Amino acid sequence: MFLGRNGVSASSTYWAERYEKIHKNLVKRTKQLRRAKQELTNRVAERKLVEETLRQAEQRYCSLFENPVVGIFQTTPSGRYQACNQTLARIYGYQSAEQLLENLTDIGRQLYVDSERRCEFIERLHSCDSVSEFESQVYRRDGGIIWISEDAWAVCDEDGMLLHYEGFVTDITKRKLAEEALQKSEAQVRSQSKELELALNKLQRTQIQLIQNEKMSTLGQLLASIAHEIKNPVNFVCNNLIPASQYAQDLLALLALYAKYYPQPAPEIQNYAEAIELDFLIKDFSKILSSMQMGTDRIRQIVQSLQNFSRLDEVITLADLHEGIDSTLLILHNRLKAKGDNKPGITVIKEYGDLPLVECYPGLLNQVFMNLLCNAIDALEELNVERFESSGNNMPPLTPCIWIRTEVVGSGLNDGTNSAGLVVVRIIDNGFGMTEEIRKQIFEPFFTTKPTGKGTGLGLSISYQIVVEKHGGQLRCISAPEQGTEFALELPI
Ligand SMILES: Nc1ncnc2c1ncn2[C@@H]1O[C@H](COP(=O)(O)OP(=O)(O)OP(=O)(O)O)[C@@H](O)[C@H]1O
Ligand SMILES: [Mg+2]
């Protein structure tokens, strides 16, 4: 046995040292191992964290794909779904995405209400690579129709080969229905405001017509009172003219007797007789008296016409229409007579039929006759002025004529039925007539072709109202350019 200095053997020292070295190594190694373990634990924890993050991301992606408010799809170029999310299935009325993929196999034919829409969709994708807010109507699984809006794009591989289309679908039915409802209500509001505008126009016209009627009735009252005031003194003159001419005849007879029995009167009488031209006076006196008689008769006629014309009866009465027409013509006498070379008189040709008395508002009908006759006179005056001016003052004026024809038509007497028929009054002129465009508007209030100040454009519209609304009759107009004009006034008997 080998021993050391302190009696310890050399081999035991060696082993002690050895042991110590090994021990140190062991401690060192253990430390290293611990560190490695710690590192490993850290790495595992890190990995777990990454895994968790990954899992969460996947979950988020899945939830994003499956639960969004928009449908997501991927379709083949031939028109079949490759993939879609649950929302798309729900929008199209399927229970699951699988059910949709299985059943919806031809998009163009099965989905779009208008199959052309699919073609447009593809064309747009090809020309622009993507489409946005492409709106269409599509069928749901149960056949119901909804509105969708699509945003889509084409997906190609690295070589540019088309792989598929993908995109989003939004159900916009509610918005579309709301838009439609809005449009409808807008259209309704527009039509209501149009109606209101029309009603307002009508109201304004009626108001103006009322004012015009009121004026006419005031004018009528004025005419009636003037006629009444003139009538009494004229009657007085007229009635006294008969005894006055009788007295004159008697005095002349007495004078003749004096001349017979006293052929040689005193020179003073003889001189006076010569001074007053007695022979001429005797001849002229009776002429003067008869012309005075004629004059007063005419005044009486005119007064009578004024009274007829301004009849204020607001109640329906039986009236002689010819009397009304004649009164109106008499009032218009001044406008009918000739005024110089280029304004010849207007010939009125009356072709009166056998008319019964007609139940009517005579004052109002006279107003109609007045309007129609005034229009005819205006047309005839204008025609001649135009002819005269256009011919360089050479062309002789036309013979302006107004025909007034009256007749009964459709009466049972003529056709064997019980119908009482119609009274028709035609007022025809050979004036310049009117174009179809003008003819269509003549009964509209304020339509006039006459210069400002000459025509208000109310004559015919008021006449129409009187004939149609007040009498249940008709007022028709037949006219063509250069062909004259005919107004036919029809009144039920
Ligand atoms: N006999 C006619 N010949 C040609 N045009 C006519 C005739 N009668 C009416 N018209 C046309 O019809 C339009 C309307 O006639 P209406 O009597 O309503 O109004 P007006 O004569 O112009 O004016 P107002 O009668 O109010 O003074 C006239 O401006 C004219 O163009
Ligand atoms: Mg007129």
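Once region 417-437 is narrowed to residues that are modelled with pLDDT of 85 or more, more than 13 Å from ligand 2 (Cβ to nearest atom) and among the aliphatic types (A, V, I, L, M), the residue that is farthest from Leu318 (Cα to Cα) is Ile428. Taking every residue in region 366-381 that is without any contact (Cβ under 8 Å) to a residue 60 or more places away in the chain and closer than 12 Å to Thr485 by Cβ and pairing it with any residue that is within 7 Å of ligand 1 (Cβ to nearest atom) and of a type in the set (D, E, K, R), at least 6 positions away or on another chain, the pairs with Cβ-Cβ distances below 6 Å are Leu380/Asp429. With respect to the stated conditions, Ala338 fails to be of a type in the set (Gly, Ala, Ser), assigned by TED's automatic domain parsing to the domain that holds His471 and within 16 Å of ligand 2 (Cβ to nearest atom). Residue pairs whose Cβ atoms lie under 7 Å apart, separated by 6 or more positions or on different chains, with the first residue in region 79-97 and in contact (Cβ under 8 Å) with a residue 24 or more places away in the chain and the second among the charged types (D, E, K, R) and surrounded by 21 or more Cβ atoms within 10 Å (Cβ to Cβ), are Ile91/Asp171. Has region 207-216 got at least one residue that is closer than 20 Å to Val303 by Cβ and assigned to a helix (DSSP H, G or I)? Yes, region 207-216 contains at least one residue that is closer than 20 Å to Val303 by Cβ and assigned to a helix (DSSP H, G or I). Quick check on Tyr139: is it of a type outside the set (A, V, I, L, M, F, W, C) and within 17 Å of Val69 (Cα to Cα)? Judged against the criteria, Tyr139 is not a match. Please enumerate the residues belonging to region 115-172 that are more than 16 Å from Cys84 (Cβ to Cβ), in a strand (DSSP E or B) and of a type in the set (D, E, K, R). Correct list: Glu133, Glu135.
All of Ile230, Ile172, Ile146 fail the test of being among the aliphatic types (A, V, I, L, M), surrounded by 15 or more Cβ atoms within 10 Å (Cβ to Cβ) and either in contact with a Phe, Trp or Tyr (Cβ under 7 Å, 6 or more places away or on another chain) or free of Cβ contacts under 8 Å to residues at least 24 places away in the same chain (or both), apart from Ile172.
When you go through Leu219, Leu254 one by one, which is the residue that is at pLDDT 90 or above, in a helix (DSSP H, G or I) and not basic (Lys, Arg)? So that I can check it myself, show each step before the final result.
Working: Leu219 fails: at pLDDT 90 or above.
Step by step, each of Leu219, Leu254 is checked, and only Leu254 is at pLDDT 90 or above, in a helix (DSSP H, G or I) and not basic (Lys, Arg).
Check Ala181, Ala224, Ala253 and return the single one that is farther than 30 Å from Asp284 by Cβ and loosely packed, with under 13 Cβ neighbours inside 10 Å.
After applying the criteria, what remains is Ala181.
Across region 455-484, the qualifying residues are those that are within 12 Å of ligand 2 (Cβ to nearest atom) and of a type in the set (A, V, I, L, M), and the one among them that is modelled with the highest pLDDT is Leu460.
The values are calculated or read from the model by the stated rules, or taken from the named source; none is laboratory data. Bear in mind that the values here come from a model prediction, so they are computed numbers and not experimental data. Virtual Cβ from ideal backbone geometry, glycine too; neighbours counted across all protein chains shown.
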